[in-house]
1. Using alpha carbon centroids, what distance separates the range 215-232 and the range 32-108, in Å?
2. Student exercise: in the range 109-246, how many lysine pairs 8 or more apart or on different chains have Cα atoms under 14 Å apart?
3. Assuming R0 = 22 Å, what is the FRET efficiency of Tyr111 and Asn69, from their Cβ-Cβ distance, to the nearest 0.05?
4. What FRET efficiency, computed as 1/(1 + (r/R0)^6) with R0 = 22 Å and r the Cβ-Cβ distance, is obtained for Ile54 and Tyr219, rounded to the nearest 0.05?
5. May I ask you to compute the full-extension gain from Asp80 to Thr203, defined as 0.36 nm times their residue separation minus their alpha-carbon distance, rounded to one decimal in nm?
6. Scan the chain and hand back the longest stretch that contains none of the GluC sites (Glu not before Pro) lying in DSSP loops with at most 11 other Cβ atoms within 10 Å.
7. Taking R0 as 22 Å, what's the FRET efficiency between Asp176 and Phe246 from their Cβ-Cβ distance, rounded to 0.05?
8. Quick one: dipole size for the range 167-246, taken about the Cα centre, charges +1 on Lys/Arg Cβ and -1 on Asp/Glu Cβ, in debye to the nearest 20.
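Read-outs: derived from the displayed coordinates by stated rules, not from any lab. Keep in mind that this is a model prediction, so the values were computed, not measured. Cβ placement follows ideal geometry from the backbone for every residue including glycine, while neighbour counts extend to all protein chains displayed.
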Amino acid sequence: MRFVPPSLFVSLATVAALLAPAQVMAQDVVPTTWQSEVEFGFITHSGNTNTETINGKASTLNERTYWRNRATLEAMHTQDATNTTGEAYSASVKSKFKVDNRQYFFGLVKYESDRFSGYDYRSSGIVGYGQRVIAKEGITLDLEAGPGARQSKPEDEPVDHKKVAWLNGDFIWNIDKDTLLTEDIGAEISSSGNGANVFSSATSFKHRLNGSLAIKLSYALQYTSTVPEGVVKSDRKSTVTLAYSF
C-alpha cells in the first residue's frame with residue numbers, strides 16, 4: 001500500500017461536506033474570528049538528579065459560520081547531565097463543516113514523533129461525523145466517529161499501514177469567566193487483528209491570571225495495545241505551563 005498524502009484526507013472531508021443536504025439547516029451566523037494561544041513550560045531538577053524539561057505548544061482556532069478550523073503544534077524535550085531522556089513532537093489540523101448548530105462533518109490529519117516510543121513516527125488521517133450532544137451555558141460535549149488510515153514507522157522496520165475507526169469525545173466546561181476545564185478522550189481502533197489500538201485521554205485545567213496570561217495544568221495518557229519490544233504500552237505526561245492568548 002503506497003503512502004496516502006494527508007492532504008487527501010482533508011479533500012475527502014471537504015467532499016463529504018459538499019455532499020451534505022443542499023439546504024443546510026438554519027444556524028446562527030458567526031462572524032469570522034481567530035483565537036490563538038502559545039504555552040511554555042520549563043522544569044529543572046538538581047541535587048540527586050539533574051534534569052531539565054522544556055515543553056511548548058501553539059494552537060490557533062478559526063471560527064466561521066459554516067467552518068471551524070484548528071491547528072496545533074507541540075514539542076517536549078528532557079535531558080539529564082549527559083543525555084537526552086525524552087523528545088517528542090506532534091502536529092494536527094482539524095476542519096469541521098457545520099451542518100447546523102449541533103451536527104458537523106470533520107477531517108483530521110495528525111502526526112507524532114516520539115524518540116523513545118519505538119516508532120520513528122505515526123500519522124493518521126480521519127474523516128467522519130460529529131454531533132454536539134450537550135450545549136448548555138458554559139458546558140459543551142462533542143462526540144464524533146469516522147473511518148481513516150494510519151501509517152506507523154517502527155524503528156528499523158518498514159512503514160506499517162492500517163485502516164482504523166476513530167471515536168472521540170471532547171468536553172469543555174467554563175467553570176467561571178477565568179477558569180476552564182477540558183477533557184478529550186479518543187480511541188483509534190485498528191481494523192486488523194494484529195494492528196495496534198491507541199487510546200488517549202487529555203485533561204486540562206486553565207486559570208486566567210489577567211486578560212491574556214493564564215496558568216495551565218495538563219495531564220495526558222496514551223495507551224497503545226501493541227508496541228515494539230522493550231517499549232512500555234502506557235505513556236503519561238504531566239505539564240505546568242504559562243499560556244498567552246491573543
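1. Result: 16 Å between the Cα centres.
2. 4
3. 0.85
4. The value I calculate is 0.75.
5. Here the answer is 41.6 nm.
6. In short, 1-136.
7. 0.55
8. For this selection, approximately 260 debye.
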